[in-house]
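Structure record follows, encoded as structure tokens.
A short reminder: the numbers here are calculations on the coordinates, not readings from a lab. Everything numeric in this text was worked out from a predicted model, so none of it was measured. Neighbour counts run over all protein chains shown; Cβ positions are idealised from the backbone, glycine included.
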Protein chains: 2
Amino acid sequence: MFREVITTAEMRITADDLNGFATEALRQVGLSEADATLAADVLVTTDTWGVFTHGTKNLRGYVRRLRVGGLLAASQPHVIREGPAWAMVDGGSALAMRTSVFAMRAAMAKARSAGIGFAGVRNSCHFGAAGYYAKLAADEGMIGLAMANDIPSVTVPGAAGPVLGSNPLAYAIPHLPGRPILLDMATSTVAGGKVFAAAVCGQAIPSGWLTDENGQPTTDPNKLTRGGALTPMAGHKGTGLALLIETLAGVLTGAATTWQVVSWSLHDPSLPTGHGAMFIAIDIKAMLPGGEFQARLSRVAEEIRAAPKAQGVERILLPGDLEWERREQALAEGINLPGDAAESLLGLAADLGINPPILR
Amino acid sequence: MFREVITTAEMRITADDLNGFATEALRQVGLSEADATLAADVLVTTDTWGVFTHGTKNLRGYVRRLRVGGLLAASQPHVIREGPAWAMVDGGSALAMRTSVFAMRAAMAKARSAGIGFAGVRNSCHFGAAGYYAKLAADEGMIGLAMANDIPSVTVPGAAGPVLGSNPLAYAIPHLPGRPILLDMATSTVAGGKVFAAAVCGQAIPSGWLTDENGQPTTDPNKLTRGGALTPMAGHKGTGLALLIETLAGVLTGAATTWQVVSWSLHDPSLPTGHGAMFIAIDIKAMLPGGEFQARLSRVAEEIRAAPKAQGVERILLPGDLEWERREQALAEGINLPGDAAESLLGLAADLGINPPILR
């Protein structure tokens, strides 16, 4: 199946058409117009960034869960406990895009009155690109942070096999208009998708990406599904960050943790996955008023961009530069979906018996 | 000088004696009894963890600044602006240990009423081990985070030479009694001290630690002081984290940023260094009451410790395990100070004309 999927050619679609298709698919399985529109925006924005591993490609899997009960179309996330600067949100197995936007907005509301706001989430699912939620805060002049836990796929120093999730961390910092500084990273050395792709193509992977079932470094990508595990980024440091995220997004929120989390893509789609997440918003204007923050940040940003270049390097990029450039191009010329993503959308249309998306 | 320092033999001292000496040295240059005691505890605790690069070895440099005006012995950190869940602290060039404890306590006070508290710091200096301040929160049942900026020593992908500081991040999570999970990491691949040590010993360093003046990987440790730079941990991910820390601890706080920061150890000791820092405290019991957090965290921690081991591995460590074991041993048997740290203390005693510490 991977072979078939990955070798399919790229196809182009406008962001509007993709948005329309994604919204329609979610409407078909019972989401309200508002919730479907919101979730489609999360996934299509992610595709415009070129982060196709976390965009509409995954919609087919989410829809499958919505059809058989692992996700509940009519469920609404709600605050179960709160204080002056925090809120705990129960996602109620709603689509995680809905729950995550709700929770980040809750953190932002707390930040507006208290300066900083924290929102924890339980009973959620795979939330796609963490960076989307961080960006919501930056859109309103705040610094945003988003983190989530996931089923283990990453080892820890000394272990054989997976121990922690690839627990992502994203942040967004308001900078150029509509273009916050934006980092969205897993705490593994590389994403599992890169290892799968190498396996499909029969290529060896660099040493350092993966360990085998005995915990030894391997260049054989097939080991990932045979008891191996991704390596943590920067060894014990990546493990340490993943454990912090597991604690904040999983332990503290009352969500499922480590092996309690159900895989959103591989396990029984009728089961809730139980993912946890957390969001922080920091209200810049409360802490450093009057445009001073932007002036100070620009000085640092411009200094980094203007740093002496290594031989052969044309530009130094800040986090998000590539994503915003790709988005600009995608909005102007259409999104070039990789073959596996296009294939997934066509499969979804067939699953639901709806018109397929307009791909060229 | 490095040669002489690093080849000096280890010397043993009790924690009490080291504490007494450090307190006396700080009293001699005008600190109050309370401030001297507090700062000595930060530095000696760090030594008991075996983190000698950030312990009492640096006291001689701090005292030099206190004697000639770069640090002000009588200055007291104070809150310059605050809100329900945040405070901005001006360190007023007080010793950074004093300012950092003050700021973390301010964050904890905010967390006690609001659930989460943020404290930013400007006009501080090199604060030693970030983990000490994170631990203060864990001592009172909170999750603590501490970060700081520093003068650039780390490059970014595509650059030649230093661009950002090694900007540390530490966290502490209450776990076993008196032994929080504790991670304290720089955002560079390795600490500069490791590269210096290799230079002194005439040894090559592994590729990946350092880039040369042209931004190319080098195994020559001497390049660090000849236009080279440390590499960011995990490439663009480490750079992204360092930029987040620069933003939160430097830009948002009104502190000096990047090259505006004065080196606490290399530059004119009569100048304030201008470092920034930030602290976050999260009040666990507000968000997940009744011991549930500890039960949930213990399940995750024990699961990690019990994970299948790689060949030849006896134990899987959680962040802080080694530091707490070293501390237990240090308190029972004395601290084995490396030669350069012992040398620095003897030099400090000579500088001040006070009794040298009791080293064996």
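Here are some notes:
- Nitroxide proxy distance, nm - points 7 Å out along Cα→Cβ at B:Arg81 and B:Asn222: 4.9
- Cα centroids of region A:239-289 and region A:159-236: 18 Å apart.
- For residues of A:154-164, the mean tally of beta carbons on other chains within 10 Å: 5
- Label distances, nm, A:Trp259 versus same residue in remaining copies, Cβ-directed 7 Å point: 5.3
- Look at the stretch A:117-123: the mean tally of other chain Cβ atoms within 10 Å of its residues' Cβ atoms is 2.
- Mean projected area of the convex hull spanned by the Cα atoms of the protein assembly as shown, taken over all viewing directions: 29.3 nm².
- Phi-based couplings in Hz for region A:260-268 (Karplus 6.51, -1.76, 1.60; Gly and Pro marked x): 5, 5, 8, 5, 5, 10, 9, 8, 2
- As computed over region A:166-208, the Cα convex hull volume per residue (Å³): 100
- Backbone phi angles across region A:232-243, fed through the Karplus curve with coefficients 6.51, -1.76 and 1.60 (θ = phi - 60°), yield HN-Hα couplings of x, 4, 6, x, 5, 5, x, 4, x, 5, 4, 5 Hz in residue order; Gly and Pro are listed as x.
- Working note: Cα atoms of region A:78-287, range along each principal axis, descending, whole Å: 52, 39, 28.
- Angstrom value of the Kirkwood radius, inverse mean 1/r, which spans all Cα pairs in chain A: 21.0
- Note: relative contact order over region B:218-344, using C-alpha pairs below 8 Å and six or more positions apart, is 12 percent.
- Per residue, the convex hull spanned by the Cα atoms of region A:258-327 measures out at 228 cubic angstrom.
- Here A:Gly353 yields copy-to-copy label distances, from shortest upward, of 9.8 nm, the label point defined as 7 Å from Cα along Cα to C-beta.
- Stokes-Einstein diffusion for region A:230-359, with the hydrodynamic radius set to the Kirkwood value over Cα pairs and evaluated at 10 °C in a medium of 1.306 mPa s, equals 78 µm²/s.
- Amide H partners (placed H, <5 Å) of A:Trp86, local residues excluded: A:Phe118
- Relative contact order of chain B, pairs being alpha-carbon contacts under 8 Å that are 6 or more residues apart, as %: 25
- Taking the helices alone, chain A has a mean residue ellipticity at 222 nm of -12000 deg cm²/dmol, built from -39,500 (n - 2.57) per DSSP H run of at least 4 residues and averaged over all its residues.
- Cleavage-rule hits (trypsin sites (Lys or Arg not before Pro)) in region A:156-263: DSSP loop, at most 12 neighbouring Cβ within 10 angstrom: A:Arg226
- Evaluated at q = 0.20, 0.23 Å⁻¹: base-10 log I(q)/I(0), Debye formula over Cα of region B:206-303: -1.06, -1.16
- For residues of A:319-327, the mean tally of beta carbons on other chains within 10 Å: 1
- Normalised by 2.2 N^0.38 Å, where N counts its residues, the alpha-carbon radius of gyration of region B:189-231 equals 0.94.
- Sequence-distant contacts, meaning Cα pairs under 8 Å at least 6 residues apart, place the relative contact order of region A:78-287 at 27 percent.
- Under 12 Å, Cβ to Cβ, from B:Phe279 - net charge with Lys/Arg +1 and Asp/Glu -1: +3
- Diffusion constant of region A:231-282 at 37 °C, which comes from Stokes-Einstein with the Kirkwood Cα-pair radius and 0.692 mPa s, µm²/s: 268
- Label geometry 7 Å along the beta-carbon vector: B:Gln203 inter-copy distances in nm: 3.6
- Counted by Cβ distance under 14 Å from A:Ala36, the other residues give a net charge of -2, where Lys and Arg count +1 and Asp and Glu count -1.
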